[in-house]
Ligand code: NAP
């Protein structure tokens, strides 16, 4: 096995990603780039698995000795009952994105929180006076709420368009292992929240390719964001999104979703390979090249 050429041998160890659909996943690009750089005998493959086939697929993975796998939509919650153990952080979030074979049993964790937090660490030492405003209340918003809780934000506001789903979201944290203190708001309350935000996170798909001219906020709404604030879009294509362009226009700091993707992947690879470090720069470069940045 050379550094730049990946050969499959009789001993090649298997990693992968399960999802449905999974064709769009960028994980094989970044993980195989890291594997090639490390010169190790592994391969990372996409596995399209329908919800009704999840149990059979996971049993099959055990039978053929898969080392570990990533989990994406729609399996992040459904995988939990099929695992022998779930790390506390994944239990708190209620979703697993990384599964590892430990002594022939499956252990689940969630590296999205670590991925979300990685690019934020350099900005403030102390978040205890900071206000986070999160747009959207879906799967990714859960990792963001957990991340903002870990940062110790003074206030966490979640903004959504559906009152019942907002209530369910709020309620879902009540018995969480994390001490989550959040308030939920309808979209029309945004104008009052934006001026208070130190961290404004878009977890909705608004503005994602191909609808690149859309933003969750109007220019007038964004104009009320403090120039000292951080605008963070979980979307990674286009780069930057309209949301981030609006934020940059008013002088705020902009963070795109690529680093979260890279860092959650790097955290997973460290777990599977039991290594202290993996080539994060190579993973990032592989994604940037693939996306044409
Ligand atoms: P999801 O579970 O479907 O949640 C999407 C959320 O956005 C829901 O709360 C939904 O509201 C809201 N939403 C959708 N369209 C909307 C609209 N037109 N107006 C207002 N709200 C709207 O999806 P997800 O898994 O959380 O992913 C969300 C985004 O994050 C995607 O763009 C995804 O690519 C990105 N993401 C990035 C990373 C990364 O590593 N960078 C990781 C995960 C996700 P309702 O609940 O009312 O439907």
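The values are calculated or read from the model by the stated rules, or taken from the named source; none is laboratory data. What you see is a predicted model; the values in this text were computed from it and never measured. Positions of Cβ are backbone-derived with ideal geometry, glycine not excepted, and every protein chain shown enters the neighbour counts.
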Any residue that is crowded, with 22+ Cβ neighbours inside 10 Å and closer than 16 Å to residue 131 by Cβ - is there at least one of those in the stretch 158-174? yes
Take the residues in the stretch 247-268 that are more than 11 Å from the ligand (Cβ to nearest atom) and in contact with a strand residue (DSSP E or B) (Cβ under 8 Å, 6 or more places away or on another chain), then tell me which one is nearest to residue 215 (Cα to Cα). 247
Lone qualifier among 215, 128, 176 - being away from the ligand (no atom under 14 Å from the Cβ), outside any helix (DSSP H, G or I) and modelled with pLDDT of 95 or more: 128
Quick one: residue 147 ticks every box in (1) within 16 Å of the ligand (Cβ to nearest atom); (2) out of contact with any strand residue (DSSP E or B) (no Cβ under 6 Å at 6 or more places or on another chain); (3) modelled with pLDDT of 95 or more; (4) assigned to a loop (DSSP other than H, G, I, E, B) except a single one, so which number is it? (4)
Any residue in the stretch 155-182 that is over 22 Å from residue 198 (Cβ atoms) sitting within a Cβ distance under 7 Å of a residue that is assigned to a helix (DSSP H, G or I) and away from the ligand (no atom under 12 Å from the Cβ)? List the pairs, counting only those 6 or more apart or interchain. 176/92; 177/88; 177/91; 177/92
Filter pass, residue 224 being surrounded by 13 or more Cβ atoms within 10 Å (Cβ to Cβ) and more than 16 Å from the ligand (Cβ to nearest atom): yes
Take the stretch 102-133 and flag every residue that is farther than 23 Å from residue 197 by Cβ, surrounded by fewer than 23 Cβ atoms within 10 Å (Cβ to Cβ) and in contact with a strand residue (DSSP E or B) (Cβ under 6 Å, 6 or more places away or on another chain). 106, 107, 108
Residue match in the stretch 197-217 (condition: surrounded by fewer than 21 Cβ atoms within 10 Å (Cβ to Cβ) and either outside the structural domain of residue 239 (by TED's automatic domain parsing) or in contact with a strand residue (DSSP E or B) (Cβ under 6 Å, 6 or more places away or on another chain) (or both)): yes
